[in-house]
1. Kindly list, by first and then second residue, each pair from a residue in region 167-189 that is within 13 Å of Ile214 (Cβ to Cβ) to a residue that is among the polar types (S, T, N, Q) and modelled with pLDDT under 95, limited to pairs with Cβ atoms under 8 Å and residues at least 6 apart or on different chains.
2. Being in the same structural domain as Ile247 (by TED's automatic domain parsing) and within 22 Å of the chain's Cα centre (by Cα) is the requirement here; does Ile114 meet it?
3. In region 249-299, which residues are of a type in the set (A, V, I, L, M) and closer than 27 Å to Arg136 by Cβ?
4. Quickly run through region 17-44 and pick out the residues that are surrounded by fewer than 20 Cβ atoms within 10 Å (Cβ to Cβ) and at positive phi.
5. Got a sec? Which strands (runs of 3 or more DSSP E) wholly within region 195-253 have at least 3 residues that are among the aromatic types (Phe, Trp, Tyr)?
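The values are calculated or read from the model by the stated rules, or taken from the named source; none is laboratory data. All figures in this text were calculated on a predicted structure; none of them were measured in a lab. Note: ideal-geometry Cβ built from the backbone for every residue, glycine included; neighbour counts use all protein chains shown.
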Amino acid sequence: MTKETFNKTASHPLQSWEWGEFRKRAGNELVRFPFGQITLHKIPFTPFKVAAFEKGPAPTSRMLEELKKLAREENLVFIKLEPNVLKNERLIGLLKKNGATRGKRLFTPTTFWIDLTASEEELLKSFHSKTRYNIRLAQKNGVEVKENNSDKAFEKYISLTRETAQRQNFYAHKEKYHRLMWTVLHKEMVKEGKAPIARLLTATYKKEIITAWIVFTWHDFLYYPYGASTDKYKNVMANNLIMWEAIRFGKRLGLSTFDLWGREEGKGFTRFKEGYNPKVVEFLGTWDLVTSHLYYPYRLSELARWLILRAKSKIVKPTF
């Protein structure tokens, strides 16, 4: 299958050929098969592996048979499936029939979608009044948002991501990850004369970039996977304006839907997203296609490892 054909059938940027190349260059083992691409991950000190099939197409009997065959060839304990498909009881039944069980999630089961086919007036009117007020306040404060893919802007994105991770005490992808991702999904695609998957939006105040978002474009969708900001000028409401300008950016590109990349009940950033009156959509969820009797011992060991990491995170500050 050619790169072009592969990308035509991939419904999500994480199933794009370029994303696969990024994962390979980041050190992951990757397998492409007729239904998409899968990453393989070695279980330390054993001959076994686990696999992840992120944001693939709707499962079919043939696909699941192909996956089981791959599991036998690669010595896989299980394959984690997170299809880019909305919740469907028939598909859930098919997964269960083939030995799949609910697994620990990589992505949230629900996300937010904003309809980019609506007019700007309709969208603004649908927002929470406080969100509209903050957008106007940012404009009044002189915050300027634009697409800025320069090396200087990307370096600022890196420094803001470092600052945000330290401030909020969460584990972000390492700097090397972000640099490689930008190289493969933006720089190299531009060099080849192709529209890049990754683009950088920046919000500037007093000639300083204070918020930077990386957005993905894929088919008729816009995605917001990565963002960072400084706490220095939080009262100028740059985050509210950059979200609005991202919506307008997607509309200018002729895209139909803005996927806000996840939703977690009660989290501050989820409440921020809710101010834009997005639609809540639920995916098929996370399923582990069990292909070995070692699956349950593995799950127990992973639970123990996760508890240790959680305890460690309360003592050791994350690094970027």
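1. Taking only residues 6 or more apart or on different chains, the pairs are Ala172/Thr164.
2. So Ile114 fits the description; yes.
3. Across region 249-299, the qualifying residues are Leu253, Leu255, Leu260, Val280.
4. Within region 17-44, just Gly27 meets the criteria.
5. 208-218, 221-229
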